Structures are given as C-alpha cells and as structure tokens.
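No value in this document is a laboratory result; all are computed from the given coordinates. This one's a predicted model, so the numbers in the text were calculated from it and none came from an experiment. Quick reminder, even Gly has a Cβ in these numbers, built from the backbone with ideal geometry, and neighbours come from all protein chains shown.
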Amino acid sequence: MSARAREEQQRIAGEFALFGDWSERYQYLIDLGRSLPPFPDAWRDEAHRIHGCQSMVWLVAEGDASALTLHAGSDSVIVSGLIALVLRVYSGLPAADIVATEPDFIHAIGLGSHLSPTRSNGLAALLARVKALAGRAAAGEVLVAPPR
C-alpha cells in the first residue's frame with residue numbers, strides 16, 4: 001500500500017471517529033456524495049455501469065500504469081458518499097498501488113456492519129472494478145475516458 005493511500009485511509013477513519021452515532025455518519029456520507037464532481041450523462045451507459053449494486057453506479061478510469069484517475073457517479077446519495085471515499089483512496093495512484101491497496105477504511109469506520117447487504121455487495125463490486133481496471137493499466141493498457 002502506498003503511503004498516500006494509507007494516510008488517506010487514516011484521515012477517513014479520523015473523520016468518521018468525530019461522529020457519535022451512525023445517523024451522523026450517514027449524514028456525512030450523504031454530504032460527501034453531494035460533493036462529488038458532476039458525472040457526465042454521456043458516461044452513464046451500460047459499458048461503464050457497475051453491476052451488483054442496487055443503485056445505478058457508473059465508473060470511468062483514465063490513465064496508465066503511472067497513474068489512474070477515477071470518475072464515478074450514482075443515483076443514490078449514500079452510494080455517492082461511498083464512491084467519494086473510494087475515489088479519495090484510489091484515484092490518482094499508480095495502477096500497481098491501486099491493486100496492492102486493500103480498503104482498510106471500510107473496517108476502520110465500521111461500514112461493513114452498518115451497510116445493507118445490497119450496499120455492501122455494490123461497494124464490493126465497485127472496488128473489484130477499480131482493481132480490475134488498475135490491473136489492466138498495470139499490464140500496459142492505456143485507459144481513455146470517452147468524450148463527455
């Protein structure tokens with residue numbers, strides 16, 4: 001795991017530790033989701049959709065082995081908050097670091113026991129896609145985002 005990813009996961013854990021209960025943490029997730037940059041409608045297609053999520057979720061990656069930039073969006077505000085956390089940890093890292101970085105923040109903030117099974121499955125599907133795209137980039141593929 002890269003130092004940057006480790007530090008970001010620690011920051012996330014520290015942020016969530018500030019909240020006394022899960023209703024406050026869910027509100028923070030919603031706020032994080034609302035802060036995501038707009039996800040272009042042109043990217044909201046089947047090719048970029050993450051299956052396994054109850055909500056609609058799309059992911060686009062661009063870059064190469066040296067660094068991948070991730071863009072994602074959802075029609076759910078809580079899922080958008082989960083996306084914001086994933087992007088904070090993984091976007092901008094070299095592909096090999098993405099592959100090597102486990103999402104320790106999920107356990108650290110207690111998400112695993114506070115997400116519904118469908119949201120947990122969706123988060124797992126999102127992380128699997130991020131790592132698959134990083135694996136392709138690490139193997140030499142250059143990922144190009146489609147036109148907006």
Open item on the list: Once each part is reduced to its C-alpha centroid, what is the distance from region 43-87 to region 107-148 in angstrom?
Closed with: 7
- [ ] Could you tell me, in Å, what Rg and Dmax come out for the Cα atoms of region 65-148?
- [x] 13.2, 38
- [ ] Calculate one ³J(HN,Hα) per residue across region 62-70 by plugging θ = phi - 60° into the Karplus curve 6.51 cos²θ - 1.76 cosθ + 1.60, and present them in order as whole Hz with x for glycine and proline.
- [x] 9, x, 9, 4, 6, 5, 10, 9, 10
Open item on the list: Under the rule of at least 5 residues apart or a separate chain, name every residue whose amide H is placed under 5 Å from the amide H of residue 57.
Closed with: 50
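Over all directions, how big on average is the projection of the convex hull of the alpha-carbon atoms in region 1-61, in square nanometres?
6.0
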Open item on the list: Defining a contact as two alpha carbons under 8 Å apart and six or more residues distant in sequence, what relative contact order in percent does region 26-133 show?
Closed with: 30
Task: Radius 10 Å from Cβ of residue 73, net charge of other residues (Lys, Arg +1; Asp, Glu -1) - done: -1
Task: the chain, dipole about Cα centre (Lys/Arg Cβ +1, Asp/Glu Cβ -1), debye to the nearest 20 - done: 80
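Would you mind putting 57-64, 136-143 in packing order, based on average other-beta-carbon counts within 10 Å, highest first? Before the final figure, lay out the partial values.
On the way: 57-64: 21.2, 136-143: 14.8.
The peptides rank, most packed first, as 57-64, 136-143.
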Open item on the list: Let me test this: with uniform point scatterers at the alpha carbons of region 3-138, what is the Debye-based log₁₀ I(q)/I(0) at q = 0.10, 0.15 1/Å?
Closed with: -0.29, -0.69
